[in-house]
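Only the coordinates and a few stated rules stand behind these numbers; no lab work does. Source: prediction; values computed, not measured. Glycine also receives a Cβ, built like all others from the backbone with ideal geometry; neighbour counts cover every protein chain displayed.
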Amino acid sequence: MQSIYLIGFMGSGKTTVADQLGKYYQLPVQDTDQMIEAMQNKKIKQIFAEEGEHQFRQYEHDVLTTTESNNCIIATGGGIIEQDRNVHWLKDKQVIYLQTSWPEIVNRLKDEGDRPIWQDQNRDKEQLLLSREQKYLEAATYVIRTDGKSIDLLVKEIIEVITTS
Ligand code: S3P
């Protein structure tokens, strides 16, 4: 089976949904953030602080292109579509966009302390979501709306869309 790539903004549920899909399909799960942390032996937060976002984006591109295009479930970082080359690379893959509204994201991330972009007071995150929307849609094969849905329901919807395609 073609690997399933999950894309979406921070807080859209990519990591949790990927784990559940991995269990259902009995396939390994990869996570681009975890791959970067393992490769650099540093937390994402530390990479942003010490090396900057630009370097992080380079690592992100490098790991994305080493993911398995078959028989794997892959959770990506929310900014994976910031680079056109990544959008281009994702275009012939099986990509699910977990589309989430701004109020829902704010609600889910209200106690979040680890994500450097979410913590950055100088960035307008709502504007960031707006500016990314078109790129998520461009990279996506399927769009699944997540507002008000449980992880179980999201997983069900994804399985259905994949099975019937
Ligand atoms: C980022 C999202 C994060 C992580 C990094 C940058 C972003 O991943 O890759 O902090 O630019 O939106 P999650 O979407 O898993 O939080």
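Here the helices (runs of 4 or more DSSP H) wholly within the stretch 58-165 that include at least 3 residues being more than 24 Å from P28 (Cβ to Cβ) and not basic (K, R) are 84-90, 102-108, 116-119, 125-139. Being of a type in the set (A, V, I, L, M) and loosely packed, with under 12 Cβ neighbours inside 10 Å, is that true of even one residue in the stretch 122-136? There is at least one residue in the stretch 122-136 that is of a type in the set (A, V, I, L, M) and loosely packed, with under 12 Cβ neighbours inside 10 Å.
Taking the stretch 11-42 as the search range and keeping residues that are outside any helix (DSSP H, G or I), free of Cβ contacts under 8 Å to residues at least 60 places away in the same chain and farther than 16 Å from N70 by Cα, which one is nearest to the ligand (Cβ to nearest atom)?
Filtering the stretch 11-42 for residues outside any helix (DSSP H, G or I) gives 11-13, 26-31, 41-42.
From what's left, free of Cβ contacts under 8 Å to residues at least 60 places away in the same chain: 26-31, 41-42.
Filter once more, keeping what is farther than 16 Å from N70 by Cα: 41-42.
Values: N41: 17, K42: 13 Å.
Looking at the filtered set, the residue picked out is K42.
Listed here are the residues, each with its yes/no results for (1) more than 15 Å from the chain's Cα centre (by Cα); (2) under 22 Å from R145 (Cβ atoms).
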position	(1), (2)
L6	no, yes
D19	no, yes
Y24	yes, yes
Q40	yes, no
H54	yes, no
T66	yes, no
Q83	no, no
N86	no, no
Q94	no, yes
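So which residues in the stretch 80-99 are in contact with an Asp or Glu (Cβ under 7 Å, 6 or more places away or on another chain) and within 11 Å of the ligand (Cβ to nearest atom)?
Looking only at the stretch 80-99, we keep the residues that are in contact with an Asp or Glu (Cβ under 7 Å, 6 or more places away or on another chain), and these are 80, 87.
Passing the criteria: only I80.
Residues in the stretch 43-60 that are loosely packed, with under 14 Cβ neighbours inside 10 Å and touching a residue at least 40 places away in the same chain (Cβ under 8 Å): A49 alone.
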